[in-house]
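Okay, so here's the structure we're looking at.
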Amino acid sequence: MKYKAEFIFDAPEAMVWEAREKRFEHPERFPELQKQELMDRKEEGDVIKQKRKIELSASVPKALRTVLPAEMLKCIDESVYDRSKGTHHFVVKPNFKTDVFTCKGFSKYEEFEEGGKVKTRRYLELDVVVKVPIVGRKAEEVILDGYKKNVLRDNESIKEMVEMMKKEKGA
């Protein structure tokens with residue numbers, strides 16, 4: 001099941017990238033980010049490779065959470081950010097059994113000018129595949145719906161961090 005979206009940030013691309021990272025320095029301000037654990041991070045020039053354990057419980061309907069083992073709600077997110085190309089590729093798989101579902105995504109960030117202001121556009125493509133007979137399609141819908149909500153929260157936290165950074169810089 002596929003999902004495509006576009007979002008606009010009122011900031012240059014470099015500031016958006018910085019805001020993506022700085023959010024994790026303020027867990028009290030962005031509690032939705034506390035459900036992530038950084039397992040590995042490598043920087044090679046403009047390329048950042050990260051591996052995170054993420055908790056999906058906030059994205060899964062309560063009725064489903066009660067019947068799923070806690071381990072099923074933990075996933076591994078492997079991401080590659082390339083700041084020189086303005087791209088972010090990621091793959092999310094369950095921590096307990098990697099062949100049940102996969103979520104692959106891609107974001108492209110592009111700077112543009114509008115009304116004399118520099119802004120950044122984020123294109124997002126997401127593909128969720130669940131390999132469970134009979135319930136696979138419905139499970140894809142539930143997972144995709146959760147991801148849509150997470151993407152909206154993600155963008156809102158980036159926007160909020162951008163505003164915090166602008167205030168700090170007196171912009």
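Assorted remarks:
- Pairs are defined by a Cβ separation below 6 Å, a sequence spacing of at least 6 or placement on different chains, a first member in region 132-148 that is within 18 Å of residue 5 (Cβ to Cβ), and a second member that is part of a helix (DSSP H, G or I); the pairs so defined are 146/59.
- Scan region 81-124 for residues that are surrounded by 14 or more Cβ atoms within 10 Å (Cβ to Cβ), out of contact with any Asp or Glu (no Cβ under 9 Å at 6 or more places or on another chain) and in a strand (DSSP E or B) and the total you get is 1.
- Residue list for region 132-143, restricted to those being aliphatic (A, V, I, L, M) and surrounded by 18 or more Cβ atoms within 10 Å (Cβ to Cβ): 139, 143
- Residue within region 51-58 that is farther than 19 Å from residue 79 by Cβ, among the small types (Gly, Ala, Ser), modelled with pLDDT of 95 or more and in contact with a helix residue (DSSP H, G or I) (Cβ under 6 Å, 6 or more places away or on another chain) present: no
- Residues being more than 25 Å from residue 116 (Cα to Cα) and part of a strand (DSSP E or B) - total across region 1-52: 18
- Hits in region 100-144 - residues which are closer than 17 Å to residue 158 by Cβ and small (Gly, Ala, Ser): 105, 107
- Yes/no for residue 151 being at pLDDT 80 or above and either part of a helix (DSSP H, G or I) or farther than 20 Å from residue 19 by Cα (or both): yes
- Taking the criterion of being over 14 Å from the mean Cα position of the chain (by Cα) and small (Gly, Ala, Ser), the residues of region 107-152 that qualify are 115, 116, 136, 139.
The values are calculated or read from the model by the stated rules, or taken from the named source; none is laboratory data. Just so it is clear, the model here is predicted, and its values are computed rather than measured. Using ideal geometry, Cβ is built from the backbone for each residue, glycine included, and neighbour counts are taken over all protein chains shown.
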